[in-house]
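Since the structure comes first, as structure tokens, the remarks are kept for the end.
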Amino acid sequence: MLKLSLVNQLRTTYKRCLAGQSLQVQLSPTEAEPAYPEIRDPSFKARKQKDAADWHEEIRQVPTVEEKMIKINMPRYYGYKVVDFNDSKIPYNALPLTQHYTRTVVEDLELPSPSASASTSPEVADQGDKSTSSEDALVKATREDVIEALEFAHDYYKHLEKLPNSAQPSDVERERILTQIIVEQLNRTLLQALGEEYKHLEEVEVDYNPRHEAFWAVGGVDPPKNVQNSKKGREWQKDEANESIDRLVQYTGTPYLSLRHRKQLSPWKTPAESEDLQLSKQLPRFKHDPRTLGYSTKHQHATNVPGYWPKGNEHNFGLLSFQSRAHLQLRPKSYGEQDLQEALHALAIKSSYAWLLAQANYNGFNTYNELTYPMNTQTVITNGREWSFYEYQLNTLLLHGKHQEENPRVNFCRGTKPLPLYAEISSSGKCVDFNDTTLRQLLNFYANVPSIQRSIGEQQPYVASDITAYENVEQRDFITKTFKHLASNRPRHLELPEIYLWEKLYKIDNNNRAMEPKRRFFELDVNPWQRPLDQHDKEYVPRALRPGVRKNQNRFKKTYYP
């Protein structure tokens, strides 16, 4: 039986309901407002997005650069399935895909001309005259030395061809060898000639044939047939079978030569110009599978290598790189001049983007953690005689998932058409029809002074420590060994299990061996591609080397995965 007080309370509440009064609980001043948990979408897609966001945040929280790369590779023991981007293959009509996969806007680079100041104001014209006169002075001071370097490079290459046991290289390899000699000789000449006036050239680090690699994720790509069929076979994913997915990209390249400096180049686009949602929506969208153009896929670990190992070297920003165009000899002439120009643009975009992405990775950024400041570099594509000049500004790294549509930032690349440095080398070994305009543009790239120097906290906001600061020697050795093993891309000591053709026919497609014991991995519902990086046997420690008194413990070495 209810007490009288409770009955009175119910009667009062009933009267309020009839009178239309509010039933809100009157809290006393001492009582705090209730804190309700966040309302979450329980759908499968929302949960997957939440898991991905949590993983990206975990990568950002990892303290060191090496551990960040290990963390990215943790989900795959045998590596990711990636689109093979490289500097030696550019299919037909590759520019739209390259712009989509790098979020890059292409512009024309205006060449400086002596008459450019004729139609400007007197003050601007005066400044232009001074800069033009200084450029002309540099051209006059270096012209003879550059011509001598070109003639020496051709003479040296002829000497190499006349060696008794020298093999006959292909046309592509012949151009690559000759261009390598020319680029090295011109770089040596210009560093000597400009080093006294431009002091930043005395501090640059020169890398010969460096290893440039970069890994990133791209969204907005149509799913392949196997992904569609897999989703259609699951009731909770039927409606999402045709939705766009992310594709993983791995770039590998080897330029002729690259220059690095401890300071950054100044950006030539303002933040307002870099964050333009309307401009980002106008970028080309290549939603088809990249294999439709001729790109291939492979399995490997994610690697970001800008030509050197992290730390131990303060020259972390690219100044200039020289790329090869020798493989364009194999391009059919029927593609036309327009496609050749687009191929040069595509090569400049992906090589510049990949090099800057690898440098950003050593500063704590990656494809899942956004840049906090722009990064710039200069790229030259040459075959020794024709030179194409490009400038690239990296503003964003977020290209995956919803960022493909919602990210307002874009990257910029501006470049020139191929410019001849000389017409030919005569039979007597002399340079014919030397082009001062091409030399002036090359000198401008060398004379571009990097002036931005940031503090460590601003330059590496997501890097909290360095592995040299770890007191545990085993931890330092484990992280270094694991990071360099992943970067080496050596195959695993146990190969990926294979499904033989007779198994595909008699066990998977047709169940004709029902009495045979189920021992194979596909019969036990084991997906070897889903094996994580830390799922392996630990290294055994001999009893005599085990620390402590209890020798039966600590039989295996401890791992330090992030």
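Odds and ends about this structure:
- Our estimate of slack between D171 and I452, defined as 0.36 nm per intervening residue step minus the Cα-Cα distance, is 96.9 nm.
- Two-decimal log10 I(q)/I(0) for the stretch 363-452, as the Debye equation yields it once each C-alpha is a single scatterer, q = 0.13, 0.17 Å⁻¹: -0.62, -0.83
- Helical runs assigned H by DSSP (4 residues or longer) give the chain a calculated mean residue ellipticity at 222 nm of -11000 deg cm²/dmol, each run adding -39500 (n - 2.57) before division by the residue total.
- In this calculation the C-beta distance from R531 to A464 is compared with R0 = 22 Å, giving a FRET efficiency of 0.15.
- As a calculated quantity, the FRET efficiency between E161 and S334 at R0 = 30 Å, using C-beta atoms, amounts to about 0.45.
- Tilt relative to the chain, helix 171-194 - C-alpha long axis, 0 to 90 degrees, to 10: 80 degrees
- Solvent exposure of the chain as accessible area per residue, Å², 1.4 Å probe: 55 Å²
- A protection proxy built from the mean count of other Cβ atoms within 10 Å ranks the segments 347-353, 244-250, most packed first, as 347-353, 244-250.
- Acute angle (nearest 10 degrees) that the helix 4-19 long axis makes with the longest principal axis of the chain, alpha-carbon atoms: 50 degrees
- For R262 and D54, a Förster radius of 51 Å and the Cβ-Cβ distance give a FRET efficiency of 0.90, rounded to the nearest 0.05.
- Linear extension gain, T480 paired with Q61, 0.36 nm per residue minus alpha-carbon span: 149.0 nm
- Set K158/K417; K333/K417; K518/K558 screened for pairs whose C-alpha atoms are more than 24 Å apart: K158/K417; K518/K558
- Three-way shape call for the stretch 157-278 based on the alpha-carbon gyration tensor, with the a/c threshold at 1.5: oblate
- Inter-label distance for L545 and S88, nm, one decimal - labels placed 7 Å from Cα along Cα-to-Cβ: 3.9 nm
- Protein heavy-atom surface of the stretch 425-562, 1.4 angstrom probe: 51% of the accessible area is carbon and sulfur, with nucleic acids and ligands not counted.
- The portion of the accessible surface of the stretch 240-365 made up by carbon and sulfur, rounded to a whole percent, is 49 (1.4 Å probe; DNA, RNA and ligands excluded).
- Calculated on alpha-carbon atoms, Rg and Dmax of the chain in Å: 30.5, 120
- Taking Cα atoms only, the orientation of helix 336-362 departs from the longest principal axis of the chain by about 60 degrees.
- Listed residue (N395, A241, Q535) projecting farthest to the positive dipole end of the chain, Cβ model: Q535
- Candidate lysines - alpha carbon under 20 Å from K269, same-chain residues fewer than 8 apart omitted: K281, K350
- Looking at the stretch 183-234, the trypsin sites (Lys or Arg not before Pro) that sit in a DSSP loop and have at most 14 other Cβ atoms within 10 Å of their own Cβ are R234.
- For the stretch 207-335, convex hull volume per residue from C-alpha positions, Å³: 209 Å³
- With both residues required to sit in the chain, DSSP beta bridges show an antiparallel share near 75%.
- Within the stretch 359-373: backbone nitrogen closer than 15 Å to the E275 label point (7 Å, Cα to C-beta): 370-373
The values are calculated or read from the model by the stated rules, or taken from the named source; none is laboratory data. Quick caveat, the model's predicted, so the values are computed rather than measured. Counting neighbours? That spans all protein chains shown, and the Cβs are built from the backbone with ideal geometry, glycine included. Ligands, DNA and RNA are excluded from the accessible area calculation, which covers all protein heavy atoms including side chains. Shrake-Rupley method; radii C 1.70, N 1.55, O 1.52, S 1.80 Å.
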